[in-house]
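What follows is one structure encoded as structure tokens, with my remarks underneath.
The values are calculated or read from the model by the stated rules, or taken from the named source; none is laboratory data. Source: prediction; values computed, not measured. Glycine also receives a Cβ, built like all others from the backbone with ideal geometry; neighbour counts cover every protein chain displayed. Protein only, heavy atoms only, side chains kept; ligands, DNA and RNA dropped before computing areas. Shrake-Rupley method; radii C 1.70, N 1.55, O 1.52, S 1.80 Å.
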Amino acid sequence: MLAVWRAGGVYVPLDPHLPSQRLRHMLQEAGVGHVVCDASTQDTVDALGVPSVRADAAPPRADGPRHTPRPDDLAYVIFTSGSTGRPKAVGVEHHALDAHVAAARELFELTGRDRVLTFASTSFDASLEQILPALSVGASVHVRPDEIWAPEELADHVAAAGITVMELTPSYWAEFVARLDALAPRLGSLRLLVTGGEALPADPLEHWFAHLPDVAVVNTYGPTEAVVSATAHTLRGRPEGRVPIGRALGSRRTYVVDPRGELAPHGVPGELLLGGPELARGYLRRPALTAERFVPDPYGAPGARLYRTGDVVRRLPSGELEFLGRNDDQVKIRGFRVEPGEAEAVLRAHPGVRGAAVLVRTLHGDPALVGYVAGDGLSEESLATHCRAQLPHYLVPSAFVLLAALPLTVQGKLDTAALPEPEAREAHTLVPPRTPAETVVAQIWCEVLDLPRVGVHDDFFALGGHSLRAVSVASRLRTAFDCPFQVRDLFEHPTVERLAAEVERRLLELISQMSDDEIDLSLTVDL
């Protein structure tokens, strides 16, 4: 990242796990000339047909190019979900990033003594907020591996590395707080938790401050177009109602306007508009969309702009902002910014689909995308395969409902009220658990997925599981079997049968390492 800027380039993070078709579009949209990779991603880059630079092969060059970027040069390009079926490329200039780094450094009160954990993937702009302010004051940065840690693993790392500041999404943080009774003693070095990306629930804060009264929580809010975090609110206790998203961060300005564009009074809901120097340049190669979302600022200096967030907020008597929802179809699911229209456009491109709609429904207690599809010769499996080939995992619908035709109102519009709720998935022939290990694994799945029963051949992810639910399963397996488990184990062994077999293998391996005196035969009879 730093070398790209030193050489005068623009930083464009790419997730190698994305479908190749999507990566090709991103490369073209951003005008990427070279991709920096290593041995593990070389084949992916070669398949994309773009020149590569191996960061782990060539020795460092002391005489490499040097470039001092101008304030209005692009610093980075980040892609977000788009309602047209194509991700949008947001371009941010150096002056805006520089201003945000300074504001975040002050908000988090960072010093050279801090140890900051970067939990966000580098394909998201939140990682910049976790890396650059820390480096700018000489603090050390600890990068999470390319996998989601179970809460116990995170706590172990905080203790071992002496982490003082970490940033988590609210969804993951809630899973972490649920295990705080056991984990709190390992968090003695922590002084600050930063959270953002979705609404922060208030209830877990009471549990958090009961165990960690001296660890403040900073709730941040901000769209990619306003450079990571645009507002912030510091908590030292549980609030009475919703958790505010706070006040403008840095030099930003916040306005709440009614549908006519007039300023809304305190307490009256309206759309949030963001101004100030910390705004993106706009959407690359999308001048019409840029002009629609980045509008002239009637309250600022000549040439100043405002970004229309589409978020509905209200200003509290204290002057802080409270998030209420959206004025369009965009949603946040497990911290990911999702435009259902993007998944809808991909479904409509399927040759057998006559009509499609993607809505947010509640599945197993969580918000999820559901695809409603009318067509011929379709199956849920074929539709899921079609979507996975073009969309990131968080945009692939969790369930599909096949219909003879989409219901319409008398005006010819989609009748969303007439769309049926998706049915819970269950194997056609449910094979019940047959061993003690399968019984325990199946019970954990039922609790996590809120299902009455599961069969040994059921797939965790086909039943509505996702990475955060996998975090919960891994934690419960560690407790139930007193044996280390990681989130990736569930991806590698996604059925009850396969996961239980892995449990038995690990337990037998542990037993084989014990001395005869350590083995209590009564605990091994079932195995």
## Note on the structure
Restricting attention to the stretch 409-448, the residues that are modelled with pLDDT under 85, under 28 Å from the mean Cα position of the chain (by Cα) and among the aliphatic types (A, V, I, L, M) number exactly 1
## Note on the structure
Selection from the stretch 477-491 of residues under 27 Å from Val396 (Cα atoms), touching an Asp or Glu at 6+ places or on another chain (Cβ under 8 Å) and open to solvent by 20 Å² or more (accessible area, probe 1.4 Å) yields Gln486, Arg488
### Summary
Flagged in the stretch 392-406 as farther than 17 Å from Phe461 by Cβ and either touching a Lys or Arg at 6+ places or on another chain (Cβ under 9 Å) or open to solvent by less than 30 Å² (accessible area, probe 1.4 Å) (or both), in numbering order, are Val401, Ala405, Leu406
### Task
Considering only the stretch 338-351, state which residues are open to solvent by less than 20 Å² (accessible area, probe 1.4 Å) and in contact with a strand residue (DSSP E or B) (Cβ under 6 Å, 6 or more places away or on another chain).
Val338, Pro340, Ala343, Leu347
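Per-residue answers, yes or no, for (1) closer than 21 Å to Phe336 by Cα; (2) open to solvent by less than 10 Å² (accessible area, probe 1.4 Å):
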residue	(1), (2)
Leu369	yes, yes
Val373	no, yes
Asp376	no, no
Gln390	yes, no
Leu408	no, no
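Can we say Pro340 is farther than 17 Å from Ala404 by Cβ, modelled with pLDDT under 90 and over 21 Å from the mean Cα position of the chain (by Cα)?
Values: farther than 17 Å from Ala404 by Cβ: yes; modelled with pLDDT under 90: yes; over 21 Å from the mean Cα position of the chain (by Cα): no.
In short, no.
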### Query
Hey, among the residues in the stretch 159-183 that are touching a strand residue (DSSP E or B) at 6+ places or on another chain (Cβ under 9 Å) and assigned to a loop (DSSP other than H, G, I, E, B), which one's modelled with the lowest pLDDT?
Thr169
### Task
Could you tell me which of the residues Glu206, Glu225, Glu198 is touching a residue at least 60 places away in the same chain (Cβ under 8 Å), under 22 Å from Phe176 (Cα atoms) and of a type in the set (D, E, K, R)?
Glu198
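Name every residue in the stretch 466-487 that is more than 20 Å from Leu363 (Cα to Cα) and within 17 Å of the chain's Cα centre (by Cα), in order of residue number.
Pass one, the stretch 466-487, residues more than 20 Å from Leu363 (Cα to Cα): 474-487.
Selection gives Val487 alone.
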### Message
Can you confirm whether Val92 is touching a helix residue (DSSP H, G or I) at 6+ places or on another chain (Cβ under 7 Å) and not in a loop (DSSP other than H, G, I, E, B)?
### Response
no
### Residues located in the stretch 110-134, provided they are open to solvent by 30 Å² or more (accessible area, probe 1.4 Å) and at pLDDT 95 or above
Thr111, Gly112, Arg113, Arg115
### Query
Which of the residues belonging to the stretch 159-183 are under 22 Å from Ser127 (Cα atoms), over 21 Å from the mean Cα position of the chain (by Cα) and open to solvent by 10 Å² or more (accessible area, probe 1.4 Å)?
Ala159, Ala160, Ala161, Gly162, Thr164
### Query
Does the stretch 272-309 hold any residues that are over 17 Å from Val77 (Cβ atoms) and among the small types (Gly, Ala, Ser), and which are they?
Gly275, Gly276, Ala288, Ala291, Gly300, Ala301, Gly303, Ala304
### Query
Within the stretch 284-292, is there a residue that is more than 20 Å from Lys88 (Cβ to Cβ), part of a loop (DSSP other than H, G, I, E, B) and either of a type outside the set (D, E, K, R) or open to solvent by less than 20 Å² (accessible area, probe 1.4 Å) (or both)?
no
### Query
Hey, among Gly276, Gly303, which residue is open to solvent by less than 20 Å² (accessible area, probe 1.4 Å) and small (Gly, Ala, Ser)?
Gly276
### Task
Name the one entry in Ala304, Ala280, Ala291, Ala343 that is aliphatic (A, V, I, L, M), without any contact (Cβ under 8 Å) to a residue 12 or more places away in the chain and on the phi < 0 side of the Ramachandran plot.
Ala291
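Go over the candidates Val141, Val137 one by one and state the one that is at pLDDT 95 or above, open to solvent by 20 Å² or more (accessible area, probe 1.4 Å), aliphatic (A, V, I, L, M) and in contact with a Gly (Cβ under 8 Å, 6 or more places away or on another chain). If you could, list the steps in order and put the result at the bottom.
Values: Val141 fails: in contact with a Gly (Cβ under 8 Å, 6 or more places away or on another chain).
Result: Val137 is the single residue among Val141, Val137 that is at pLDDT 95 or above, open to solvent by 20 Å² or more (accessible area, probe 1.4 Å), aliphatic (A, V, I, L, M) and in contact with a Gly (Cβ under 8 Å, 6 or more places away or on another chain).
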### Task
Being open to solvent by less than 30 Å² (accessible area, probe 1.4 Å) and either touching a residue at least 40 places away in the same chain (Cβ under 8 Å) or over 26 Å from Arg361 (Cβ atoms) (or both) is the filter here, so list the residues in the stretch 431-462 that pass it.
Ala437, Glu438, Val441, Ala442, Trp445, Leu449, Leu451, Val454, Gly455, Val456
